[in-house]
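See below for the structure under consideration.
We did not get these values from a lab; they are worked out from the coordinates using the rules stated. Worth saying up front: this structure is predicted, and the values here are computed from it rather than measured. Neighbour counts are summed over all protein chains in view; Cβ atoms, including those assigned to glycine, are modelled from backbone coordinates with ideal geometry.
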Amino acid sequence: MKNPKSPEPAKTPHASAGTSKAAAASTATRASAKAKRAARRPRIPYSKDEIREIFRRFSVQRPEPRGELEHVNPFTLVVAVALSAQATDAGVNKATRALFQVADTPEKMLDLGEDRVRDYIKTIGLYRNKAKNVIALSRKLVDDFGGEVPRTREELVTLPGVGRKTANVVMSMAFGIPTLAVDTHVFRIGNRLRIAPGKTPDEVEASFMRIIPEDYLFHAHHWLILHGRYCCKARKPECERCVIADICKSKEKTTDVAAPLVELPEQVI
């Protein structure tokens with residue numbers, strides 16, 4: 001006698017339906033998260049073509065922009081940028097020229113000692129605390145990094161007196177890594193021009209990083225700083241000298257006529 005056929009297992013349509021519902025819910029969650037991120041990004045009154053044209057003009061005006069802090073190696077750059085907080089580049093350069101002649105490595109800076117460092121930089125604001133930081137960051141470089149300046153932001157910000165802005169400057173100027181350091185000039189331009197608005201330097205940095213064309217990113221930091229320092233000034237922007245006056249969407253601007261687009265002579269500190 002033949003054994004009867006085993007009954008076929010019952011189909012479970014609910015399992016496939018449940019999977020579809022889960023996938024749909026996951027897709028909806030991702031879409032919602034993306035929409036929230038987009039909503040948090042401030043809308044700006046510039047097209048992509050206008051943004052590219054702004055940086056193109058900056059590139060014509062200053063083909064090879066450079067930072068105005070004097071330094072001879074990555075270590076002296078770290079020190080100079082750390083000293084520049086609440087001080088002018090010209091003032092820092094005046095103080096560090098003699099300092100870097102005798103201490104251009106962390107080892108030499110430690111040998112110099114805090115008291116003598118303080119004597120060299122006493123014309124700079126907050127010089128007492130800055131002298132402590134210079135010695136502390138020199139010690140950390142020797143103890144933790146073999147006397148070499150690290151290349152990553154995560155490591156740089158562990159140095160005393162070094163924040164995100166300083167780390168970004170060092171990464172860009174010392175190691176050629178495209179970053180955007182937001183100082184008072186960049187922060188002002190981002191908000192005044194409504195091109196990269198933000199309530200904090202980090203927000204302005206993120207806004208700029210989203211819009212700056214990749215092929216202009218490397219020099220963008222210096223273009224923006226120099227534009228803010230010499231043209232789009234804090235108290236009274238000199239719009240008649242501005243090469244992007246016709247594109248600018250600032251409510252403070254005084255003219256819609258762009259200045260002639262010519263290469264500028266190198267600034268003298």
*Residue by residue, what Karplus-based ³J(HN,Hα) values in Hz, rounded to whole numbers, does segment 248-256 have, using 6.51, -1.76 and 1.60 with θ = phi - 60° and x for Gly and Pro?*
3, 10, 5, 6, 9, 5, 10, 8, 9
_Against the 2.2 N^0.38 Å scaling, with N counting residues, where does segment 153-245 land? I'd like the Cα-based Rg ratio to two decimal places._
1.09
_Ranking of Ser59, Ser138, Ser172, Ser47 by count of other Cβ atoms within 10 Å, fewest first_ = Ser47, Ser59, Ser172, Ser138
*Calculate the dipole size of segment 74-175 relative to its Cα centre from +1 charges on Lys and Arg beta carbons and -1 charges on Asp and Glu beta carbons; express the result in debye to the nearest 20.*
420
*Can you tell me how much longer the chain between Tyr230 and Val257 gets when fully stretched, taken as 0.36 nm per residue apart minus their C-alpha distance, in nm with one decimal?*
7.9 nm
*asked:* Checking the a/c ratio against 1.5 first, then a/b against b/c, what shape does the Cα gyration tensor give for segment 74-175?
replied: oblate
*Would you mind calculating the gained length between Ala98 and Phe175 on full extension (0.36 nm times residue separation, minus the Cα-Cα distance), in nm to one decimal?*
25.3 nm
*Computed E for Thr152/Arg128 - FRET, C-beta separation, R0 41 angstrom, nearest 0.05*: 0.85
